[in-house]
1. Rounded to a whole number, what % of the accessible area of the chain do carbon and sulfur atoms account for, probe 1.4 Å?
2. Which number comes out as Rg/Rh for the chain once both Rg and the Kirkwood Rh are worked out on C-alpha atoms?
3. Per residue, what accessible area does the chain have, given a 1.4 Å probe and all protein chains present, in Å²?
4. How far is helix 39-63 tilted, in degrees, relative to the longest principal axis of the Cα atoms in the chain, given as a value from 0 to 90 rounded to the nearest 10?
5. For Q15, what charge total do you get from the other residues with a beta carbon under 13 Å from its beta carbon, if Lys and Arg give +1 and Asp and Glu give -1?
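The values are calculated or read from the model by the stated rules, or taken from the named source; none is laboratory data. Every value quoted in this text rests on a predicted model; they were computed, and no experiment measured them. Because the Cβ atoms are built from the backbone with ideal geometry, glycine has one as well, and the counts that use them run over all protein chains shown. The accessibility values were calculated without ligands, DNA or RNA, using every heavy atom of the protein model including side chains. Shrake-Rupley method; radii C 1.70, N 1.55, O 1.52, S 1.80 Å.
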Amino acid sequence: MALRPIGQDELDNFQFDESGRLHWNGEAVLLEKRIRLETYQIVLASLATAGSLLSGIHPFGHSFGWW
């Protein structure tokens, strides 16, 4: 599908419904796309977060003599 610019006369095709959603020629326009992580991606992201947190806490605790 080729892209083309919108002309001034076509701007009347934009509409908002009562809940504030944008429509073009009566069809809803998708303004966001949500992502969903797989289970292994959630586990890897959690491990990376924990590692980053611990790598920041360790020097801080070492400077105060906690370990």
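1. Details: 4070 of 6590 Å².
That fraction is 62 percent.
2. On the way: Rg = 24.7 Å, Rh = 17.4 Å.
Value, to two decimals: 1.42.
3. Value for the chain: 98 Å² per residue.
4. 50
5. After counting each charged neighbour, the total is -4.
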